[in-house]
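Chemist: Take a look at this one; I'll ask things after.
Readers should treat all values here as calculations from the given coordinates under stated rules, not as data from a laboratory. Keep in mind it's a predicted model, so treat the numbers as computed, not measured. Glycine also receives a Cβ, built like all others from the backbone with ideal geometry; neighbour counts cover every protein chain displayed.
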Amino acid sequence: MEEIDYLGSKIYRWQVGPSAFLASPESGARLMNWNVTYPDGTFRDVIRWPELSSRDEFVKARGGNPILFPFSARTFCEGEINFWKDVQGQVRPMPMHGIARQGTFEILRMDDTGFAARLVPDEQALEAYPYNYDFDVVYRFDEKALTVELRLRNHDEIPIPWSAGHHFYFNLPWVEDTARKDYEISIPATKACRHAADGSLFALDNVKKTDSLANPELVDRIHYGLTRSTVTCECAQDDSKIEIEIGADGKPDADYAVVTWTQADTSPFYCIEPWMGPPNSPETQIGLHTVNPGRVEAFSVTVKV
């Protein structure tokens, strides 16, 4: 592990076998980049990071793995976006993707295997999510894999709701002279939906479990009701792939979700996002999880190449 200056601030680099990982644990617990060097000298970005001109661009950079907490994507309260109703019935603000990606974290542990960092809630975070809790992000780096675990410990006297997630920006296409049509994704989901403008979810029919990433219908689609824990994205040209294992128990929770998204046809990334449930879970109750007082719950994801 080494410390690097990046746009006037510290980031860290881990070299684990052929894999190199870059992260800024104190800024959103953000994994920035993962790249692999192969024996023939070729190089592959697995998770990409864009070139930035200023540290001010860091939070909204289209790269790395922004942490989505306490809720993923958009929340609504009776049709009004960026609000939610807490367990006492009080309406509270909630930024897009929550309070973690723009939050400050303190480092709990850092060694050659990875890091653990804890959110330090600011005034905005406390207004949005007014509980007594610890939210930790724990990364473990391996030669051709990473595992990231989100942990929520409840120090309060009432149950705490959450539905967190990840926003992996995978470098794609990753094989030279290929395009999205050369890549397929397999998601073992029994349900699919989209998020309506009022916050409701509307179901989609006849969704394939295996589909081409060139299919525009995949963009912003939510898949849930997973029957298995592994999602696979594969290149037909050389059989190289990404495997995403959701949950640590072999069988995922029924409401765990996978969202597929990209910004444009020409974007150099495709996001495959494991979430604890579809968006707007406080209102729909789909994918809303609860941590009881004195308890700790976790959401674990492993990515392999």
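Chemist: Counting just the residues of the stretch 115-132 that are touching an Asp or Glu at 6+ places or on another chain (Cβ under 8 Å) and over 14 Å from PHE105 (Cα atoms), which one comes out surrounded by the fewest Cβ atoms within 10 Å (Cβ to Cβ)? Explain how you work it out, then say what you get.
Modeler: In the first step, residues of the stretch 115-132 are kept if they are touching an Asp or Glu at 6+ places or on another chain (Cβ under 8 Å); the result is 116-120, 130-132.
Those still in the list that are over 14 Å from PHE105 (Cα atoms) too: 130-132.
Details: PRO130: 14, TYR131: 21, ASN132: 12.
The residue in question is ASN132.
Chemist: I would also like to ask the following. Determine whether GLU57 is in contact with a strand residue (DSSP E or B) (Cβ under 8 Å, 6 or more places away or on another chain) and surrounded by fewer than 19 Cβ atoms within 10 Å (Cβ to Cβ). Let's see the steps before the verdict.
Modeler: Working: in contact with a strand residue (DSSP E or B) (Cβ under 8 Å, 6 or more places away or on another chain): no; surrounded by fewer than 19 Cβ atoms within 10 Å (Cβ to Cβ): yes.
Judged against the criteria, GLU57 is not a match.
Chemist: Also: Which ones in the stretch 262-289 are closer than 30 Å to GLU157 by Cα, of a type in the set (Ser, Thr, Tyr) and under 19 Å from the mean Cα position of the chain (by Cα)? Break it down into steps so the answer makes sense when it comes.
Modeler: Just the residues of the stretch 262-289 that are closer than 30 Å to GLU157 by Cα, to begin with: 274-289.
Of the ones still in play, those that are also of a type in the set (Ser, Thr, Tyr) are 281, 284.
Of everything in the stretch 262-289, just one residue is closer than 30 Å to GLU157 by Cα, of a type in the set (Ser, Thr, Tyr) and under 19 Å from the mean Cα position of the chain (by Cα), namely SER281.
Chemist: So LYS251 clears everything in (1) surrounded by 16 or more Cβ atoms within 10 Å (Cβ to Cβ); (2) among the charged types (D, E, K, R); (3) assigned to a loop (DSSP other than H, G, I, E, B) except one condition, right? Which one?
Modeler: With respect to (1) surrounded by 16 or more Cβ atoms within 10 Å (Cβ to Cβ); (2) among the charged types (D, E, K, R); (3) assigned to a loop (DSSP other than H, G, I, E, B), LYS251 is out only on (1).
Chemist: Can you name the residue in the stretch 161-204 that is among the β-branched types (Val, Ile, Thr) and within 29 Å of ASN280 (Cβ to Cβ) and, of all such residues, is surrounded by the fewest Cβ atoms within 10 Å (Cβ to Cβ)?
Modeler: Narrowing the stretch 161-204 to residues among the β-branched types (Val, Ile, Thr): 175, 178, 185, 187, 190.
Filter once more, so that each one left must be within 29 Å of ASN280 (Cβ to Cβ): 185, 187, 190.
Numbers: ILE185: 24, ILE187: 25, THR190: 12.
Per the stated criteria, the residue is THR190.
Chemist: Output the residues belonging to the stretch 1-35 that are touching a Phe, Trp or Tyr at 6+ places or on another chain (Cβ under 8 Å), at positive phi, surrounded by fewer than 20 Cβ atoms within 10 Å (Cβ to Cβ) and among the small types (Gly, Ala, Ser).
Modeler: Hits for the stretch 1-35: nothing passes.
Chemist: Would you be able to tell me the number of residues in the stretch 34-48 that are touching a strand residue (DSSP E or B) at 6+ places or on another chain (Cβ under 7 Å) and acidic (Asp, Glu)?
Modeler: Number of matching residues: 1.
Chemist: Now, a different point. Does the stretch 26-68 hold any residues that are in a strand (DSSP E or B) and either touching an Asp or Glu at 6+ places or on another chain (Cβ under 6 Å) or free of Cβ contacts under 8 Å to residues at least 12 places away in the same chain (or both), and which are they? Let's see the steps before the verdict.
Modeler: Initially, the stretch 26-68 is screened for residues in a strand (DSSP E or B), giving 27, 30-37, 43-47, 65, 67-68.
Within the stretch 26-68, ASN35, PHE43 meet the criteria.
Chemist: Select from the stretch 133-160 the residues that are in contact with a strand residue (DSSP E or B) (Cβ under 8 Å, 6 or more places away or on another chain) and among the aliphatic types (A, V, I, L, M) and write down the one among them that is surrounded by the most Cβ atoms within 10 Å (Cβ to Cβ). Don't jump to the end; show me each part of the working.
Modeler: Looking only at the stretch 133-160, we keep the residues that are in contact with a strand residue (DSSP E or B) (Cβ under 8 Å, 6 or more places away or on another chain), and these are 133-156, 159-160.
Keeping just the survivors that are among the aliphatic types (A, V, I, L, M) gives 137-138, 145-146, 148, 150, 152, 160.
Working: VAL137: 27, VAL138: 19, ALA145: 17, LEU146: 24, VAL148: 22, LEU150: 24, LEU152: 24, ILE160: 24.
It comes out as VAL137.
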